[in-house]
Every structure is written in C-alpha cells, then in structure tokens.
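Worksheet: one structure, shown below.
The values are calculated or read from the model by the stated rules, or taken from the named source; none is laboratory data. This one's a predicted model, so the numbers in the text were calculated from it and none came from an experiment. Cβ: placed from backbone, ideal geometry, glycine included. Neighbour counts: every protein chain shown. Each accessible area value is taken on the protein alone, full model and side chains, heavy atoms only, with ligands, DNA and RNA left out. Shrake-Rupley method; radii C 1.70, N 1.55, O 1.52, S 1.80 Å.
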Amino acid sequence: MATTDARVRDGLSDLEAGLDHWRETLVSLCRIPSVSAKGFPPQEVRRSAQAMAQALREAGVENVEVLEFPGAHPYVYGDWLHRPGAPTVLLYGHHDVMPPGPAEK
C-alpha cells in the first residue's frame, strides 16, 4: 500500500506543479471559436484540433496525429503504450463547440 500512496502523492504533486500551465492551456483551447456547424469557418475547428494535439503532446501522449477524412471535421489521435498488461482506456470527446443559439435567449 505504501507504493500506491507514494504514487498518488507523486501524481498529486505533479498535478499541482503544472496546474497553472494546464489551466492556461484549457482557457486557450476554450477561446478557439471552433463551431462545427454550417456557416462557421471550418479552419477554426482544424485550429482547435491542432491545439488539442499540441496539448496532448505536452502531456506526454505519443503518436499524436490530426486525422482528416473527407466530409468530416478533423479527429485527434494519440496513444501511450508503456504499461504492458494494463487495461486500455479510450477517451472520446470533442474539441468543437455548438453554435451559440438565438441572442435573445
């Protein structure tokens, strides 16, 4: 149990040490107007994908790629495969946003 406690303490220390950096990264990502709807510039969604890819690289994720398929906004892929036998975790989310909706509401 001491090993687990030490890992948790180390992880929390690392998190605390980088908290300002990751807060700034999150704010920066949120400022990209990456609306994935018709009538909005698709290059902003691409810029959002590229910024997310950079954030993953900074976090130590490897093999990060921005994947593009015809007729779709870009996807971001990355992996970290350094724990043989550990469970696989798939995170799926989106870096784009929805249109703001009616201004009066």
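Numbers for the structure displayed
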read-out: Sequence of Val45, Val97, Val89 from largest to smallest accessible area, 1.4 Å probe; value: Val89, Val97, Val45
read-out: Trypsin sites (Lys or Arg not before Pro) within the stretch 24-64, DSSP loop, no more than 16 other Cβ atoms inside 10 Å; value: Arg31, Lys38
read-out: Simple Cβ-charge dipole of the chain, Lys/Arg +1 and Asp/Glu -1, about Cα centre, in debye nearest 20; value: 280 debye
read-out: 3J(HN,Hα) from dihedral phi, the stretch 27-32, Karplus parametrisation 6.51/-1.76/1.60, rounded to Hz, x for glycine, proline; value: 4, 4, 5, 5, 7, 7
read-out: Once exposed loop chymotrypsin sites (Phe, Trp or Tyr not before Pro) are cut out (DSSP; at most 15 other Cβ, 10 Å), longest piece of the chain; value: 1-79
read-out: All-pairs alpha carbon distance profile, the chain, 5 Å steps from 0, percent; value: 2, 10, 15, 18, 18, 14, 9, 7, 4, 2, 1, 0
